[in-house]
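Remarks on the structure that follows.
The values are calculated or read from the model by the stated rules, or taken from the named source; none is laboratory data. Every value quoted in this text rests on a predicted model; they were computed, and no experiment measured them. Cβ sites come from the backbone with ideal geometry, for glycine too, and all protein chains shown count toward neighbours. Note: accessible area is taken over every heavy atom of the protein model, side chains too, but ligands, DNA and RNA are not part of it. Shrake-Rupley method; radii C 1.70, N 1.55, O 1.52, S 1.80 Å.
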Amino acid sequence: MSLEHVRVVAERGPRSGFPVIVAVHSTALGQAIGGCRLSVYADWRDGLEDALRLSAAMTAKAALAGLPNGGGKTVVALPAGVTPDRRAVLHDVADVIESLGGDYATGPDVGTGPDDMVTIGERTPYVFCRGYDSSPGTAAGVLAALRAVVADRFGSHDLAGRSFAVLGVGRVGGHVLRLLAEAGARVVASDVDPSRRSVADSFGAAWTDPHGCLTAEVDVLVPAALGGVLTGETVPELRCAAVAGPANNQLDRPGTAALLHERGILWAPDVVVSAGGIIHAIGTELHRETPDRVAARIGGIGDTLTRILDAARETSSTPAEAAARLAGWLVDYPAKIA
Ligand code: PHE
């Protein structure tokens with residue numbers, strides 16, 4: 001297979017000693033963007049693999065979000081059982097990003113937050129979300145997507161009375177849970193961290209274990225934590241009508257989209273559903289858009305998803321295939337992006 005990526009840097013962080021991986025997948029539409037992930041991996045090569053896949057997904061995400069950006073990703077592959085010197089790790093990351101001369105800018109992701117972006121910002125300007133949280137923006141985009149999904153399945157955008165299983169109530173999942181509760185939806189939630197139960201309790205949501213949540217009989221399953229939850233093993237167990245959530249790379253492999261399709265379960269491509277954070281960050285920080293304009297753009301995620309679901313039906317393909325086709329077309333014909 002040929003190398004799709006523009007550039008991939010892997011180095012042993014000179015301060016931290018940990019593998020720092022930055023994958024720049026595409027700069028065809030503009031600066032590559034993508035978060036900085038701090039995660040434990042059995043082998044650093046697994047982190048490299050993750051960076052390669054996640055950065056490619058960011059290219060599709062940015063294009064489908066109508067942003068003049070490409071995709072990239074940073075992964076710091078931590079061994080199990082260490083407490084890293086955060087500052088050292090983040091400065092190692094910052095120096096690699098700075099060495100790319102602006103081809104790539106980072107933001108928060110799994111394992112990092114707004115304070116970490118401030119630390120990265122001490123050594124490079126190519127970082128978004130310094131000191132503010134992008135997760136409310138991501139969650140607002142998820143809600144727009146969920147309205148489009150229930151409209152497609154049940155004929156109305158109304159979330160009231162519909163049922164949802166939110167898998168993971170971290171920063172983004174917690175906001176999604178709150179917004180769903182406020183919209184009058186029925187919610188069951190779970191998290192690998194049992195202390196997160198208080199989030200569910202405070203919004204009147206039911207609580208279960210992660211497997212119970214994954215297999216709950218609900219209208220929509222909302223994966224809001226780590227990727228890879230949809231597999232050849234889990235898809236046969238699902239009891240939902242649709243899956244739509246902000247977790248990146250939900251499918252273990254591309255073929256799993258077909259398994260969902262065969263089971264009659266609508267899968268909303270994660271690259272569309274999860275774009276609210278980047279739309280917010282880029283709109284606010286780079287393009288100086290007003291909050292109303294940014295909110296309207298985030299709401300546009302629902303329209304994009306509806307277009308993709310319609311296109312999938314018309315061409316008898318999966319939503320994943322329809323999204324990939326649209327993303328490819330946008331990357332090849334940048335002038336189409338308004
Ligand atoms: N975690 C974000 C995503 O996957 C990354 C990001 C957020 C990048 C905000 C830039 C700004 O979309």
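Annotations for the structure displayed:
- Here the 3J(HN,Hα) profile of the range 18-33, calculated from phi with Karplus coefficients 6.51, -1.76 and 1.60 at θ = phi - 60°, is 8, x, 10, 10, 10, 10, 9, 7, 8, 10, 4, 9, x, 3, 6, 10 Hz, Gly and Pro shown as x.
- Note on exposure: TRP207, TRP267, TRP329 ranked by accessible area (1.4 Å probe, complete protein assembly) read TRP329, TRP207, TRP267, with the most exposed listed first.
- Candidates THR138, GLY121, VAL110 compared by Cα position along the dipole of the range 106-151: farthest toward the positive end lies THR138, with charges placed on Cβ.
- Between helix 86-99 and the chain there is an angle of about 80 degrees, using the helix long axis and the longest principal axis of the Cα atoms.
- Taking only protein heavy atoms and a 1.4 Å probe, the accessible area of the range 115-208 is 49% carbon and sulfur.
- In order along the range 66-76, the phi-based Karplus estimate (6.51 cos²θ - 1.76 cosθ + 1.60, θ = phi - 60°) of 3J(HN,Hα) comes to x, 9, x, 9, x, x, x, 6, 10, 10, 9 Hz; Gly and Pro are listed as x.
- Both radii are taken from the alpha-carbon atoms of the chain; with Rh as the Kirkwood radius, Rg/Rh is 0.95.
- Our summary of shape: the Cα atoms of the range 1-70 have principal axis extents of 37, 28, 18 Å, ordered from largest down, in whole angstrom.
- Cα gyration tensor shape of the range 128-212, rounded if a/c is under 1.5, else prolate or oblate by comparing a/b with b/c: oblate
- For the range 260-338, the percent of C-alpha pairs falling in each 10 Å distance bin, counted from 0 to the bin holding the largest distance, reads 17, 43, 30, 9, 1.
- DSSP bridge orientation in the chain - percent antiparallel, rounded to nearest 5: 30
- A 1.4 Å probe run over the protein chains yields, for the range 77-168, 36 Å² of accessible area per residue, whole-number rounding.
- Additional length obtainable on full extension of the chain from PHE203 to ARG86, 0.36 nm per residue less Cα span: 38.8 nm
- 1.4 Å probe accessible area per residue over the range 196-263, in Å²: 43
- Extension reserve of the ALA311-ALA151 stretch, reckoned as 0.36 nm per residue once the Cα distance is removed: 56.1 nm
- Carbon + sulfur, % of accessible area of the range 269-338 - ligands and nucleic acids excluded, 1.4 Å: 55
- Within the chain: Cβ-based charge dipole about Cα centre, in debye rounded to nearest 20 (Lys, Arg +1; Asp, Glu -1): 380
- Distance between the C-alpha centres of the range 31-76 and the range 261-293: 15 Å, rounded to the whole angstrom.
- A 1.4 Å probe over all protein chains sorts ASP116, ASP193, ASP332 by accessible area into ASP332, ASP193, ASP116, starting with the largest.
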